[in-house]
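A.B. asks: One structure, as C-alpha cells, below. Some questions next.
Any read-out appearing in this document is the output of simple, stated calculations on the displayed coordinates, not a laboratory observation. Keep in mind that this is a model prediction, so the values were computed, not measured. For neighbour counting, all protein chains shown are included, and Cβ atoms are generated from backbone atoms with ideal geometry for every residue, glycine included.
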Amino acid sequence: MSLGSSGLPVTSCPGTDPLHLAICRSTGAGVVVVAAAGNEGVAFDDPLIPTVPAAYPEVLTVTAMSDSDGRPGAIGSRPGCLSGQQDDAAATFSNFATTADGMAHTIAAPGVCIRSTIPDGYGLSSGTSMAAPHVSGVTALCLDEGGVRGPCAGLTTSGVIDLVRTEAEQRSASGGLGFRGDPRDPIVGRYFGYLAWGRLPDVTQPSVVDVVPGPGASRVQTSTRVTVTFSEPMQTARTEAAFVLMRSTGASVRGTYSWSGGTMTFQPSAPLSASTRYRVSISARASDVAGNRLVSKFVRRFRTAATAGGASKRR
C-alpha cells in the first residue's frame, strides 16, 4: 500500500476508522499488508497524529534508504537523481518510527532513484512508495516461489512479518548489509529498521551425482539396494515417481524409498533375480525443492551375480 494520510490515534483491531477496519479484516483473512512509511521525514507512529496505514501494528511498514552501487560499505557516489542523499544511508525524506510499537513492525528497503513505471514509460523515482514494493516481493518469495512453499508458508500474518524482519536482522549481522540509520548504526531518535533481504530464486537444474551400483557393475548382490545421490535436495514424491528399476524383460521392480538429504535409497520389495540385467532410469520429471527439473534423463545398467551373495564391481 503506497498511500498515507494523518489518522486517528491507533487502537487495537477492529480500529476506530474504516481504513483500519479494512486492514484488520484483511489481515484476519490471512493477507499480509505491506505499507509505505511516508515521505515527510517525521515519525509515522506519532501517538497523537499517526501516519496511516503505516502506523497500524498489523502491517509491515517500510522506510526508505539509499544505495547507489549495490554494494555495502558506503563507498558509492551520491545518487544522481535526488540531491542530499548518500550511499548506504537512510533517505532524508523517509518517515521513521520512534515508539516500541512502531519499531516492532518496521523494515527498510531501497527507495532512492529507483527505476519504476511512470506515465508513458519508465523513469527514476524516489520515496517509500519505491521501497514498499521491494518488501512486497521479499514477502511473496518467503511465502511461495514457483509453487514451492517458502519458510513463511503456513504462518500467521504477524508470523510472516516477524520472520521477514528477523531474516533482515540476521542478514545484516552476518553479511554486512547495513546502512547509516539502521539499528546497528542508528540515528538518534529515528528508527528505520534493518535492510530487507530477499532470497534469490533457485533456477539451477539438479543433476545426478552418483548411483550405486556403479556404471556397468556386474556380479551385483541380489539383495542390493539402489542409492541415488543428487546435487541438491529434491522433491521426494516427484523424484520417486520419476525413478524406475527395470528388468531386461521390461518388468518394473517394486520397492520402498527412503531419503537422507539429497540421497534417495530404493529398497526392492524382494531380492533381485540372479544373473539378470537391470536398468536404473530417472526421468527429467524429477525436480528439486524449487521446482527445477533434472538436467536430463539419467540411465544406468548393472547385472546381478549368477547366484545370491555375489560381489559388486565398478568399472
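A.B. asks: Grab the beta carbon distance between Thr204 and Ile118, set R0 = 30 Å, and tell me the FRET efficiency rounded to 0.05.
C.D. replies: Once rounded, the FRET efficiency stands at 0.30.
A.B. asks: So the label point goes 7 Å from the Cα of Ser269 along Cα→C-beta, right? Which residues of region 217-238 then have their backbone N under 18 Å from it?
C.D. replies: So the set is 223-226.
A.B. asks: Can you list the residues, at least 5 places off or on another chain, whose amide H is less than 5 Å from the amide H of Gly150, using H built in the peptide plane?
C.D. replies: Asp144, Glu145
A.B. asks: By count of other Cβ within 10 Å, fewest leading, how are Ile75, Ile107 ordered?
C.D. replies: Ile75, Ile107
A.B. asks: Another one. Mind listing which trypsin sites (Lys or Arg not before Pro) in region 202-264 are in a DSSP loop and have 11 or fewer other Cβ atoms within 10 Å?
C.D. replies: When the trypsin sites (Lys or Arg not before Pro) of region 202-264 are filtered for loop state and at most 11 Cβ neighbours within 10 Å, Arg254 remain.
A.B. asks: Can you pull the one-decimal nm distance between simple spin-label points at Thr249 and Val31, each 7 Å off the Cα toward Cβ?
C.D. replies: The modelled label-to-label distance comes out at 6.2 nm.
A.B. asks: With unit charges on the beta carbons (Lys and Arg positive, Asp and Glu negative) and the dipole taken about the Cα centre of region 208-303, which residue among Ser260, Ala237, Thr227 sits farthest to the positive side?
C.D. replies: With unit charges placed on the Cβ atoms, the residue in question is Thr227.
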